Amino acid sequence: MTSRSLTSALARRNVHYGWVVAAVTFLTMLITAGTIGAPGVFIVPLEREFGWTTSEISSALALRFLLYGLMGPFAAVLMNRFGVRRIVLLALGILTVTLVTSLAMTSVSQLLLLWGVGLGIGTGLTAMVLGATVATQWFSERRGLAMGLLSASTATGQLVFLPLLASLTEAYGWRIALCFICAMLVLATLLVTLLMCNRPSDIGLAPYGATDIVPHVRPSGGLGELLASPVLVLMDAMKSGAFWVLFGTFFICGLSTSGLIQTHFIALCGDFGLAPVKAASVLALMGVFDFFGTIGSGWLSDRFDNRWLLFWYYGLRGLSLIYLPFTDFTFYGLSFFAMFYGLDWIATVPPTVKLTSRYFGAERTNVVFGWIFAGHQLGAAAAAYGAGLTRTEWSTYLPAFFIAGAACLVAALFALSLGKPRRTAVSPTAAFEPDPV
C-alpha cells in the first residue's frame with residue numbers, strides 16, 4: 001500500500017497520516033536509543049575480554065555522545081534539504097555497517113573509530129532533532145504531545161532493549177546481543193522505506209490541526225552553503241540570552257542522564273554487588289516511568305509555563321541523584337529511585353522544544369534545537385568520560401553522581417531566569433533580537 005492510498009484509508013477513519021509518521025519515527029528513535037544505550041551493557045564484558053580500563057572504554061562512549069550532539073544541527077538542515085526519509089535511511093545504514101564491523105574489533109583504536117565515530121554520526125542523524133523536525137512539520141496542534149511521545153522513545157528503548165541485551169550478553173556474549181540490535185536496525189529500515197514521508201504536502205495534506213497545505217520550499221544554494229547555514233544560525237542565536245540559558249540547562253540535562261545513568265549505572269550497581277540483568281531491569285523500570293512522565297510533560301507543556309516545568313524537572317532530578325548513594329542499592333531503595341528519577345528523565349525535552357519554538361520561530365526550531373541538543377551531548381560526553389575517570393582513579397563513581405545532582409539544582413534556577421519572548425515567529429533569514437533573560 002502506498003502512502004497516498006494509506007492516507008485515503010486513514011482519512012475515511014478520520015485519522016491523520018501524521019500519526020503514522022510519528023509512529024515510524026517513534027520506532028526508529030526507540031531502536032537507535034537502544035543502539036546508543038547498548039554499550040553501557042558491554043563495559044564490564046569488554047573489560048574482561050580485552051583488559052581495557054573503564055576510562056579507555058568511556059573515552060569512546062564520550063566521543064560517541066559528542067558527535068551524537070554535534071551532528072544535530074547539520075542533520076536538521078540535511079532533513080530540510082533532502083527530506084527526513086533519506087537522512088533516516090542513511091543513518092540506519094551507517095549504524096548497521098558500524099555494528100556489524102565492530103563484531104571483529106580487537107583494539108581500543110578500533111573501539112574509538114567504530115563506537116565513537118561511527119555510532120556518534122549514525123545516531124546523531126536520528127537524535128532528538130528528528131523528533132523535533134517531525135513534530136514541527138507534521139503537527140500544528142498537539143505539537144507538545146507529539147514531541148512528548150517521540151521523546152519518550154528514548155525511555156522505551158531502554159525498557160525494551162537493555163534488560164534483553166543484558167540477558168543475551170550474560171548467556172551468549174556481547175556479540176550475540178550486538179547482532180540482535182543489527183536485526184532491529186534492519187526492521188526499522190524496512191518500515192521507514194515503506195511508510196515514512198518527508199512532509200504533509202508531499203501527500204497532499206496540511207499539518208495536523210491546520211487547514212492550509214504548506215508547500216515545501218527547498219533551500220537554495222550549494223552543498224557548502226547548506227553545511228554553513230547551521231553555523232550562521234548558531235551565530236545569530238548566540239545573540240540571545242535565552243539561547244545560552246537553554247543551552248546551559250540542556251548541558252546539565254545530558255550530564256545527569258545519558259552520559260551518567262545510561263552509560264555507567266549498570267557498572268555502578270555491579271560495584272555494589274548487583275548483577276547486570278537486575279541493574280538493567282532497574283533502568284527498564286526508569287524507562288516505564290519516564291515513558292509516562294515524558295508524555296505527561298508534553299501534555300503539560302501545551303498548557304503551563306514551560307519555564308516552571310523545567311524548574312521542577314531539574315530540581316527533582318537533582319534531589320534524586322543526591323539520594324541515590326543513600327539507597328544502599330537495595331531492591332526497594334533502587335525501585336524508589338527509579339520511580340522518582342525516571343518520571344523526568346526526558347521530561348525536559350518537550351518544554352525545551354516549546355521554548356525554542358517560541359523564542360526562535362517554527363522555521364528555525366529544528367536547527368536551533370539541534371545546537372541546544374549539542375549542549376546536551378557535550379554534557380553527556382563530559383559525564384561519560386568523567387565518571388569513568390573517577391572510577392578508574394578513585395575506584396568509585398559516587399563523586400560524579402553528587403556533582404550531577406548539584407548541577408541539576410543550579411539548572412532549575414537558571415530555567416526561571418528566562419524572560420518572555422518578544423516574538424514567536426521569524427523567517428528563516430531574519431536576524432534575532434536579544435531576548436530578555
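Some notes on this structure:
- For segment 377-395, the set of residues classified as open to solvent by 40 Å² or more (accessible area, probe 1.4 Å) and on the phi < 0 side of the Ramachandran plot consists of Leu378, Ala382, Tyr385, Leu389, Arg391, Thr392, Glu393, Trp394, listed by residue number.
- Condition check for Leu112: within 18 Å of Ile36 (Cβ to Cβ) and touching a residue at least 40 places away in the same chain (Cβ under 8 Å): yes
- Close pairs (9 angstrom Cβ cut-off, 6 or more residues apart or separate chains): under 17 Å from Ala284 (Cβ atoms) in segment 323-339, part of a loop (DSSP other than H, G, I, E, B) and of a type in the set (Phe, Trp, Tyr) anywhere: Phe329/Phe272
- Selection status of Ala104, of a type in the set (Gly, Ala, Ser) and modelled with pLDDT under 85: no
- Flag for Leu130 being open to solvent by 10 Å² or more (accessible area, probe 1.4 Å), closer than 27 Å to Gly293 by Cα and not hydroxyl-bearing (Ser, Thr, Tyr): no
- Residues within segment 257-284 that are closer than 21 Å to Val349 by Cβ and surrounded by fewer than 20 Cβ atoms within 10 Å (Cβ to Cβ), tallied: 0
- A single member of Ile266, Ile322, Ile346, Ile372 is in contact with an Asp or Glu (Cβ under 8 Å, 6 or more places away or on another chain) and not basic (Lys, Arg), and it is Ile346.
- Cβ pairs under 9 Å, 6+ apart, first in segment 252-266 and on the phi < 0 side of the Ramachandran plot, second open to solvent by less than 10 Å² (accessible area, probe 1.4 Å) and of a type in the set (Lys, Arg): Cys253/Arg317; Ser256/Arg317; Thr257/Arg317
- So Ser153, is it surrounded by fewer than 24 Cβ atoms within 10 Å (Cβ to Cβ) and touching a residue at least 24 places away in the same chain (Cβ under 8 Å): no
- Within segment 296-379, helices (runs of 4 or more DSSP H) holding 1 or more residues that are touching a Lys or Arg at 6+ places or on another chain (Cβ under 6 Å) and farther than 30 Å from Phe272 by Cα: 306-323
- Matching residues in segment 110-145 - criterion: being closer than 22 Å to Leu70 by Cβ, assigned to a loop (DSSP other than H, G, I, E, B) and of a type outside the set (Val, Ile, Thr): Leu125, Ala127
- Among residues of segment 26-40 that are farther than 20 Å from Val100 by Cβ, those with a beta-carbon under 7 Å from a residue that is outside any helix (DSSP H, G or I) at least six positions away or on a different chain give the pairs Met29/Thr126.
- Considering segment 16-31, the residues that are open to solvent by 10 Å² or more (accessible area, probe 1.4 Å) and either farther than 25 Å from Val129 by Cα or not aliphatic (A, V, I, L, M) (or both) include one that is modelled with the lowest pLDDT, namely His16.
- Hey, Gly248 farther than 20 Å from Gln377 by Cβ and either among the small types (Gly, Ala, Ser) or at pLDDT 85 or above (or both) or not: no
Residue-by-condition table, conditions (1) out of contact with any Cys (no Cβ under 8 Å at 6 or more places or on another chain); (2) surrounded by fewer than 24 Cβ atoms within 10 Å (Cβ to Cβ); (3) under 14 Å from Asn198 (Cα atoms):
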residue	(1), (2), (3)
Gly40	yes, no, no
Phe50	yes, yes, no
Thr53	yes, yes, no
Leu70	yes, yes, no
Val77	yes, yes, yes
Leu92	yes, no, no
Thr96	no, yes, no
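The values are calculated or read from the model by the stated rules, or taken from the named source; none is laboratory data. Computed from a predicted model, the values in this text were never measured in an experiment. Cβ atoms come from the backbone with ideal geometry, glycine included; neighbour counts cover every protein chain shown. Only protein heavy atoms, including side chains, enter the accessible area calculation; ligands, DNA and RNA are left aside. Shrake-Rupley method; radii C 1.70, N 1.55, O 1.52, S 1.80 Å.
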